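Asks: Below is the structure I would like to discuss, written out as structure tokens.
The values are calculated or read from the model by the stated rules, or taken from the named source; none is laboratory data. Keep in mind it's a predicted model, so treat the numbers as computed, not measured. Every residue, glycine as well, gets a Cβ built from its backbone with ideal geometry; the counts of neighbours run over all protein chains shown. These accessible areas exclude ligands, DNA and RNA; they are computed on the full protein's heavy atoms, side chains included. Shrake-Rupley method; radii C 1.70, N 1.55, O 1.52, S 1.80 Å.
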Amino acid sequence: MPLVSAAMAGASGGELAARVTKAGGFGFIGTGYEDVSKLRNELALARTILKTPSPSPLKIGVGFLVWTLEKNPQAMELVTAALDERVKAVWLFAGNDLYRWVEFVRKYDAERGILADEERTLILVQVNSVEEALKAVEMKVDVISVQGIEAGGHGHSQALPLLTLLPTILRALPAPSPSFPPSTPTPVILAAGGLTHGSHLVSLLALGAHGIVIGTRFLLTPSSLYTPAQKSALAAAPSSASVRSFAFDAVRGTTGWPEGVDGRGLKNGIIKDEEEGVDIEERKRRYGESVKSGDVERMVTWAGASIGLVDRVEEVEDIVNEIHDEAVRSLQATAKLLEQ
Ligand SMILES: Cc1cc2nc3c(=O)[nH]c(=O)nc-3n(C[C@H](O)[C@H](O)[C@H](O)COP(=O)(O)O)c2cc1C
């Protein structure tokens, strides 16, 4: 099924990624701020769940926040840890020099003799604008995830809503070459941001995407790395609860994002403190206390605009199956409407 679970730093580990793949979608482990050994553990867990012995290719992907790679002395080791496990795909987002890492992956594949198209590591780049999408095409990436302003977690604060951004990008992409094999590879296009339901999948396919990416809904599974308190807060959150702000990163000290990027999360005490003009050192202190005590009121809990559409914790397999069945029902109902 054309359903991908997002690379979510701090939230999607090996269990979530592997169970999405096992259920018929495709899952990503997210990395951002952790070290190589943590990633190796998550990859090993995914191998166990997927019953894929090493060195067979591993049918999940690993996501990297490029700006954190740019600051990480262990960056090459981190990316290589994923490539050595023969993950099927690498996900790149939010950095000033994505191309360096596209080249790194391609070169690493070539050096170890992986040249056949069906064997090489697929490269996904997530974009927020036409300009970024055109750059991704120039870099000859395999997959582009078009992320609208509705998305949970980070993205450009000025991104368009997905229903506008996707057709705008599709219209701007070069037409597929008529030659065979095509001289300009056309990337697979995924849509991301505020998607929860099978009818979302159907509508995005009708708009021209090849599949969808879901992040927030998969946070509400026993398999995500969020705490039980964060999952309960997400389940209880009303539709007005998600907000875009840089205040979340300001209190965490994760402030190296490219210009214009902020994050969408649950509106809580972090936002209230900022609105009330509380001094940043005091806001950081309150955040630190909340993390220590596990109090979600001042923890960072990323959540997309569709948070009001999800209200319970479910197993990964149930979500994937539900979305599949809803998509089929939605297509059937839509076809009937067209016949009228
Ligand atoms: C908790 C969380 C962490 C995220 N971390 C990353 C990340 O590490 N890299 C990335 O490219 N996108 C990240 N995102 C954004 C996702 O890739 C995706 O665009 C988004 O989840 C889609 O919107 P949705 O959450 O409304 O489904 C994250 C999103 C969430 C909710």
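Asks: Expected output is a single nm value to one decimal: the length gained when fully extending between LYS292 and ASP97, i.e. 0.36 nm times separation in residues minus the C-alpha distance. What is it?
Replies: Length gained, LYS292 through ASP97: 66.7 nm.
Asks: When the helix-only estimate is applied to the chain (DSSP H runs of n ≥ 4, each -39,500 (n - 2.57), divided by the residue count), what is the mean residue ellipticity at 222 nm, nearest 500 deg cm²/dmol?
Replies: Mean residue ellipticity, 222 nm, calculated: -13000 deg cm²/dmol.
Asks: Right, next: Simple spin-label model, 7 Å along Cα-to-Cβ: LYS267 to ALA235 in nm?
Replies: Result for the modelled spin labels: 2.4 nm.
Asks: With every protein chain left in place, what is the accessible area per residue of the chain in square angstrom, probe 1.4 Å?
Replies: 45
Asks: Assigning unit charges at the beta carbon (Lys, Arg +1; Asp, Glu -1) and nothing else, what dipole magnitude in debye, to the nearest 20, does segment 241-340 show about its Cα centre?
Replies: Details: 14 positive and 22 negative charges, 46 e Å.
It comes to approximately 220 debye.
Asks: Another question about this same structure. Which FRET efficiency, nearest 0.05, do ALA110 and GLU322 yield, Cβ-Cβ r, R0 45 Å?
Replies: For ALA110 and GLU322, the calculated efficiency is 0.65.
Asks: For segment 135-251, what's the relative contact order in percent, using C-alpha pairs closer than 8 Å and at least 6 residues apart?
Replies: Once divided by the residue count of segment 135-251, the mean separation gives 24 percent.
Asks: Something else about it: Using a Cα-Cα cut-off of under 15 Å, which aspartates and glutamates could be cross-linked to LYS267, ignoring same-chain neighbours fewer than 8 residues away?
Replies: Filter leaves GLU150, ASP249, GLU275, GLU276, ASP295, GLU297.
Asks: What's the magnitude of the charge dipole for the chain around its Cα centre, counting Lys and Arg as +1 and Asp and Glu as -1 at the beta-carbon? Answer in Debye, nearest 20.
Replies: Computed about the Cα centre, the dipole is about 420 debye.
Asks: I would also like to ask the following. Looking at segment 118-164, which GluC sites (Glu not before Pro) are DSSP coil and have at most 11 other C-beta atoms within 10 Å of their C-beta?
Replies: Of the GluC sites (Glu not before Pro), the ones in loops of segment 118-164 whose Cβ has at most 11 other Cβ atoms within 10 Å are GLU118.
Asks: Among the listed pairs LYS38/LYS88; LYS51/LYS88; LYS59/LYS140; LYS88/LYS292; LYS71/LYS231; LYS38/LYS231, which have their C-alpha atoms separated by more than 27 angstrom in this model?
Replies: LYS88/LYS292; LYS71/LYS231
Asks: Build a GNM of the chain with springs between Cα atoms under 10 Å: which of LEU65, LEU207, LEU39 gets the top mean-square fluctuation?
Replies: Highest fluctuation among the options: LEU207.
Asks: Putting +1 on Lys and Arg Cβ atoms and -1 on Asp and Glu Cβ atoms, find which of ASN128, THR21, GLY155 reaches farthest to the positive end of the dipole of the chain.
Replies: THR21
Asks: Just to confirm my numbers, what's the Cα centroid distance between segment 258-326 and segment 64-120 in Å?
Replies: Result: 29 Å between the Cα centres.
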